[in-house]
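K.L.:
Below is one structure. I have some questions about it.
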Amino acid sequence: MTTSIRYSGSVARWLTVSCLAVGLSLAGRAALAQQANPATIRLLPEDEERGQYGHQQKFYFLAPGKTGEDYQSAGFFGQRLRPYLAGNTQALRELDKYKRQKTLYLVDKAVLVGSLGLYGSQVFSHGDPVYFNSTQQAAAGVAVVSLLATIFINHHTNEYIKQSIDDYNSDLSGKHGTVWPRLRPASIGVLTAPAGQPLLALRWQM
């Protein structure tokens, strides 16, 4: 649906100048507001640099609209980041992968500690020190498997949370623009009236 309005003479010139002035003003204000309060989520620079097999400490981030050093913890499972990603399916999917990997990380650590504890409990369980009975061999095997599993678990863990933020920021930049593109006319033209007087024609797409 389109709406068309026609004006004449000095009114047309005045409206043309006013539209341009309002458009530039709104665009400028929106740009300044975006610079002052970025709508994106930003990680702590040290966390942004984490790569594959990076340490598994918590991530810190700046929430949308925050500036300076007001970083907050994302939580061990990224749970404090989740409210900001609400509505972005892809970003939440990547965050779920991060949570899954962190859960596996905890389970793996529990298995490792348990196997080492079992090994140690067998050393003096029969009086004289024993270091490689059948139970200890099984415990040692589980510990080795756990250590190897840690490598695979940590391989992409940090990448998942960074990808979730990248997905959020990418989607945000595609959806949000300045106010002016939504207010500006779809077309501007000059028509000639029967009396020879120029008319300004503004058309909006509804």
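The values are calculated or read from the model by the stated rules, or taken from the named source; none is laboratory data. These numbers come from a predicted model, not from an experiment. Every residue, glycine among them, receives a Cβ derived from its backbone with ideal geometry; neighbour counts consider all protein chains shown. Keep in mind that these areas ignore ligands, DNA and RNA; they rest on the heavy atoms of the full protein, side chains included. Shrake-Rupley method; radii C 1.70, N 1.55, O 1.52, S 1.80 Å.
K.L.:
Would you mind getting the Kirkwood hydrodynamic radius of the range 39-157 from its Cα pairs, rounded to one decimal in Å?
P.N.:
16.9 Å
K.L.:
Right, something else. How many Å² of accessible area per residue for the range 49-107, probe 1.4 Å?
P.N.:
Heavy-atom SASA per residue in the range 49-107 reads 56 Å².
K.L.:
A further question follows. Output the peptides 156-167, 56-67 sorted from most to least packed, where packing is the average of other Cβ atoms within 10 Å over each peptide's residues.
P.N.:
Highest-to-lowest ranking by the protection proxy: 156-167, 56-67.
K.L.:
Solvent-accessible area per residue for the range 117-173 at a 1.4 Å probe radius, Å²?
P.N.:
Per residue, the range 117-173 has 56 Å² of solvent-accessible surface.
K.L.:
Could you list which residues have their amide H under 5 Å from that of Leu43, counting only those 5 or more apart in sequence or on another chain, with H placed in the peptide plane?
P.N.:
Under 5 Å from the amide H of Leu43 lie the amide H atoms of Leu62, each far enough along the sequence or on another chain.
K.L.:
With +1 on the Cβ of every Lys and Arg and -1 on the Cβ of every Asp and Glu, and nothing else charged, how large is the dipole of the range 80-178 about its Cα centre, in debye rounded to the nearest 20?
P.N.:
320 debye
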